[in-house]
1. Tell me, what are the semi-axes, in whole angstrom and largest first, of the equivalent ellipsoid of the range 335-424 as set by the roots of 5 times the Cα gyration tensor eigenvalues?
2. Quick one: net charge around Asn405, please, counting Lys, Arg +1 and Asp, Glu -1 for every other residue with C-beta under 13 Å from its C-beta.
3. Using a simple spin-label model with points 7 Å from Cα along the Cα→Cβ vector, what separation in nm is obtained for Asp37 and Ser308?
4. Percent relative contact order of the range 335-424, based on C-alpha pairs within less than 8 angstrom and at least six residues apart?
5. Would you mind ranking Thr31, Thr269, Thr239, Thr119 by Cβ crowding within 10 Å, fewest neighbours first?
6. Work out the length of the dipole vector of the range 322-405 about its Cα centre, built from +1 on the beta-carbon of each Lys and Arg and -1 on the beta-carbon of each Asp and Glu, and round it to the nearest 20 debye.
7. Ignoring everything except DSSP H segments at least 4 long, calculate the 222 nm mean residue ellipticity for the chain; use -39,500 (n - 2.57) per segment, divide by total residues, nearest 500.
8. Using the alpha-carbon centroid of each, what span in Å lies between the range 376-434 and the range 17-96?
Amino acid sequence: MSFLPAQLIRKKRFKGAHSKEELEFLVNGYTSGAIPDYQMSAWLMAVCLSGMTDQETSWLTVAMMNSGRKLDFSNLKSKAIDKHSTGGVGDKTSLIIAPLVAAAEIPVPMMAGRGLGHTGGTLDKLESIPGFDVRLDLEKFKVLIGQLGTAIIGQTKEICPADLKLYSLRDVTGTVDSIPLICASIMSKKLAEGVGGLILDVKYGSGAFMKTLPEAVALAKGLVNIGHHAGISIAALLTQMDQPLGRYIGNSCEVRECLEIMDGSYLKTPKPSLYEDTKELSLALASQMLILSGKYSEISAAREMVNSLLSGGQALSKFYELCRAQGGKIDQLPTQAKHEIVIEAQQDGILRSYNVEEIGLAGIELGAGRRRAEDQIDHLAGIEIFFKIGEPVEKDAPLFRLFANSDRGFKEATSRLLAATKISDAPVQVEPLIAGVVTPEGVFYAH
Ligand code: URA
């Protein structure tokens with residue numbers, strides 16, 4: 001069916017609801033080049049200002065999903081389950097979760113992303129392992145899922161080409177932060193992956209794209225609603241991003257943190273408590289994936305299983321297998337950057353708060369992330385944190401250790417980190433890491 005793009009733009013501008021055919025016309029027309037950037041930009045802005053109903057968002061998602069190839073894992077013995085995080089700082093849980101859940105004999109075909117803005121990306125972390133290839137073709141990906149139970153690759157042009165084009169346009173037209181557009185973008189890719197279930201980690205706080213819990217709940221509800229109507233098992237954990245996750249922020253240092261959790265050696269480090277949030281969130285998300293697979297009905301039994309697979313070393317063995325299968329030489333993981341400095345606390349007190357977005361930007365100053373898409377990452381660059389919120393800090397104690405192969409960004413990163421860290425005498429209320437879970441049945445708060 002054919003429509004006039006300008007009429008559809010006006011319809012959305014005046015808060016009209018699109019039909020399925022209108023949305024298919026827009027998505028297919030833009031993907032094929034029949035609708036130019038200037039008309040699509042105007043329509044995207046109209047969506048940002050006028051919103052979309054749940055029904056429109058579902059239709060948009062399906063139209064985007066149908067723009068490319070769809071994978072099918074229904075031949076496997078168990079439902080394939082993926083995980084998606086809305087992005088954070090120090091968020092390395094995918095590296096633990098994929099092998100851990102695969103060790104529970106639940107297939108995990110993971111299509112991951114690169115760092116976006118101040119947040120890190122799983123693909124960049126994996127590429128810090130010499131030889132690790134995240135660009136496997138879809139046939140090899142499917143073979144590995146069958147043989148190993150997991151593989152982690154980047155988005156390919158064959159999956160959701162509409163999103164590839166639309167996302168780039170949204171990025172440069174100030175139209176990224178619209179809940180229906182974000183939901184359709186994320187879910188079209190996940191549905192095209194052919195998974196039977198999806199766990200979402202929807203983050204909120206100073207280091208997340210959603211700054212408040214109500215915003216995160218709205219996004220989680222939108223995502224869960226689309227997945228549920230598309231017939232997959234889906235749930236979202238609402239998780240806090242008011243401090244970086246774990247001990248390290250960077251790439252090879254984050255891989256190391258995961259290895260230390262998977263082999264238990266973190267317990268011998270000077271402060272094992274710095275690893276607890278990474279470990280806890282990985283176990284919580286992995287347990288939910290076991291429930292979504294349909295193989296477990298009680299969260300306590302799922303939790304017991306992932307606990308024993310992590311502490312028994314099966315997750316680590318699976319991670320080694322994954323690295324070998326994708327060409328990664330984990331025994332050659334580089335660890336020592338050429339330069340490092342330590343930033344010390346300038347006063348006594350309690351660690352009150354972090355501005356986590358600023359900490360992520362400090363990581364970019366060091367080279368751990370990109371300013372422009374074409375920038376090369378310094379895989380050895382990163383930040384070690386020494387304190388979590390609510391802990392007492394003494395003047396001159398190390399607050400952060402910065403490391404990188406070039407010291408060019410140290411000055412700017414130091415001022416960002418000092419400005420991002422508040423220490424005061426007043427006691428601090430520490431928020432729980434997991435605020436609740438959103439399922440198709442509703443929102444269940446933890447406290
Ligand atoms: N991640 C995506 O894949 N799409 C968005 O729109 C936002 C974050």
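What follows is calculated from the coordinates using simple rules that are stated; it is not laboratory data. Just so it is clear, the structure is predicted and the values come from calculations on it, not from any experiment. Methodologically, a virtual Cβ is constructed for each residue, glycine included, from the backbone with ideal geometry; neighbour enumeration extends over all protein chains shown.
1. Values: eigenvalues 119, 36, 19 Å².
Largest first, the range 335-424 gives 24, 13, 10 Å.
2. Here the charged neighbours net out to -1.
3. 5.6 nm
4. 49 percent
5. Thr269, Thr31, Thr119, Thr239
6. Around 380 debye, computed over the range 322-405.
7. Computed ellipticity for the chain at 222 nm equals -13500 deg cm²/dmol.
8. Result: 36 Å between the Cα centres.
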